[in-house]
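Q: Questions regarding the structure given below will be posed in turn.
The values are calculated or read from the model by the stated rules, or taken from the named source; none is laboratory data. Keep in mind that this is a model prediction, so the values were computed, not measured. Using ideal geometry, Cβ is built from the backbone for each residue, glycine included, and neighbour counts are taken over all protein chains shown.
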Amino acid sequence: MVHFRREKYIPRGGPDGGDGGRGGDVIIRVSPKLNTLYQFHHKQKFIAEDGKKGAKSNRTGRSADDLVINVPPGTVIKSVEGGQIIADLVEDGQEILICKGGRGGRGNARFANSRDQAPRLAERGEPGQELMINLELKLIADIGIIGVPNAGKSTLLAALTNAKPKIADYPFTTLEPNLGVASVDHETVLVLADIPGLIEGAHLGSGLGFEFLRHIQRTRVLIHLLDGLAENTILDYAQINSELSLFDPDLGKKPQIVAVNKMDLDDVKNRWKVIEREFKKKGIATIAISAATKENLNILLYKSAELLKSAPALSNTPGLPLYHPKTDPRKYEINRVSKGWQVNGESIERAAAMTFWDNYESIRRFQRIMENLGIDEDLRKAGVKEGDLVMIGDYELEWKE
């Protein structure tokens, strides 16, 4: 404020304009009462208040209150420009100052000096910071239920917990993850998430794609639910695990419990021994369950709780990303070697390591991954010929057109 002291008998009171108040900061804080980002569909621009103006008698204006924006646990903040992760908010009450308010402008009393004892000068307040951000929610759950579409994940969640997800007999019934709470005993309570069905190419964004793959990053243990009516349950198992690892290598390392669903159906009962034997050959233990009749669900829940006790905790530092890939996993190199051709690449080597080479459909799927990544085309351009050896990771493959 520009003001001069004017009082009776004090003809030259001098400048006494006070400073302006500080503008409010914008703070993003985790609130355990929230579980979605739905409120941001209606309001996307947030402005903290300005500080109040200075007053006479050297009175400083009141500083504005900070603007606190509440978000659910699991919110990741990314800058729109550049896309880098600013913060990963997981814990209740955790917060980050996202934009700092500007300081108040100085009143004319601040500018008085020996040469100018009556300045008519004051400052406007300092502009506050502005930032465009994206908010992304990764649900936090102890256990994630994964599988192909229509494997019965929503039915299982409803049977294990009090959740009421939408359930129907067509793919992609679940269009957003559902959370439920299950009580194992008086001391153990689990939070479970039903993750929408994953399909081949999900890591590239196909189907529901990475729109929901990111939620699995927040879980510590996975229940891999298989459809007992599927033509090839072991291929479904391999496909989902491959999609997880192609999206994020750490997802493929999470502890899993494999459960075969729909044991209430005679067709599945008749196939169960064959399915169990196939998985046992691969060193994979399975549990036969029925989400519809709740058969063996107590065993499934107990085993999940036991596995959770030994599962590694989610490593997360406040304000730092939980997951931040340093390189593009889809990149690859093709080199001519004495034996044939060497293909090096994070994604394709993981896919090769996860392929069941004694299964034709699994091999065909690996070929489609090579096509999707562009490796087939680049090998042809490099000069690969019928019968050449192509080395990928620990595997030597024969090229056939």
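Let's see how each residue does on (1) under 30 Å from Leu308 (Cα atoms); (2) touching a residue at least 12 places away in the same chain (Cβ under 8 Å):
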residue: Arg62; (1), (2): no, yes
residue: Ile77; (1), (2): yes, yes
residue: Gly82; (1), (2): no, no
residue: Ala87; (1), (2): yes, yes
residue: Arg103; (1), (2): no, yes
residue: Ala112; (1), (2): no, yes
residue: Leu121; (1), (2): no, yes
residue: Thr155; (1), (2): yes, yes
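Q: On to the next question. Please indicate, with yes or no, whether at least one residue in region 214-230 is in the same structural domain as Leu192 (by TED's automatic domain parsing), touching a Lys or Arg at 6+ places or on another chain (Cβ under 6 Å) and assigned to a helix (DSSP H, G or I).
A: Looking through region 214-230, at least one residue is in the same structural domain as Leu192 (by TED's automatic domain parsing), touching a Lys or Arg at 6+ places or on another chain (Cβ under 6 Å) and assigned to a helix (DSSP H, G or I).
Q: Among the residues of region 353-366, what is the count of those that are surrounded by 15 or more Cβ atoms within 10 Å (Cβ to Cβ) and either hydrophobic (A, V, I, L, M, F, W, C) or assigned to a helix (DSSP H, G or I) (or both)? Break it down into steps so the answer makes sense when it comes.
A: Of region 353-366, the ones surrounded by 15 or more Cβ atoms within 10 Å (Cβ to Cβ) are 354-356, 359, 362, 365-366.
If we keep only those that are either hydrophobic (A, V, I, L, M, F, W, C) or assigned to a helix (DSSP H, G or I) (or both) as well, we get 354, 356, 362, 365-366.
Result for region 353-366: 5.
Q: Cβ-Cβ distance below 7 Å, separation of 6 or more or different chains: which pairs start in region 255-271 with a residue that is part of a helix (DSSP H, G or I) and end on one that is surrounded by 21 or more Cβ atoms within 10 Å (Cβ to Cβ) and not hydrophobic (A, V, I, L, M, F, W, C)?
A: Hits for this filter: Val268/Gly228; Val268/Lys262; Arg271/Gly228.
Q: Have a look at Ile98, Ile69 and point out the one that is modelled with pLDDT of 90 or more and not assigned by TED's automatic domain parsing to the domain that holds Ala193.
A: Ile69
Q: Tally time: how many residues in region 1-21 are at positive phi and surrounded by fewer than 10 Cβ atoms within 10 Å (Cβ to Cβ)?
A: Going through region 1-21 one residue at a time, the tally reaches 1.
Q: Here is a further query. Which residue pairs have Cβ atoms closer than 7 Å, lie 6 or more positions apart in sequence or on different chains, and pair a first residue in region 29-54 that is assigned by TED's automatic domain parsing to the domain that holds Asp92 and without any contact (Cβ under 8 Å) to a residue 40 or more places away in the chain with a second residue that is outside any loop (DSSP other than H, G, I, E, B) and not polar (S, T, N, Q)?
A: Here the result reads Leu34/Val71; Phe46/Val26; Phe46/Leu67; Phe46/Ile69, each pair linking region 29-54 to a residue that is outside any loop (DSSP other than H, G, I, E, B) and not polar (S, T, N, Q).
Q: Give region 101-136 a look and list any residue that's over 29 Å from Gly23 (Cα atoms) and buried (at least 20 other Cβ atoms within 10 Å of the Cβ), or say none.
A: Residues satisfying the conditions do not exist here.
Q: If only one of Arg124, Arg120 is more than 30 Å from Leu251 (Cβ to Cβ), touching a helix residue (DSSP H, G or I) at 6+ places or on another chain (Cβ under 7 Å) and charged (D, E, K, R), which one is it?
A: Selected residue: Arg120, the only one of Arg124, Arg120 that is more than 30 Å from Leu251 (Cβ to Cβ), touching a helix residue (DSSP H, G or I) at 6+ places or on another chain (Cβ under 7 Å) and charged (D, E, K, R).
Q: Identify the single condition in (1) at pLDDT 85 or above; (2) crowded, with 21+ Cβ neighbours inside 10 Å; (3) farther than 15 Å from Thr286 by Cβ that Asp264 does not satisfy, given that it satisfies every other one.
A: Asp264 satisfies every listed condition except (2).
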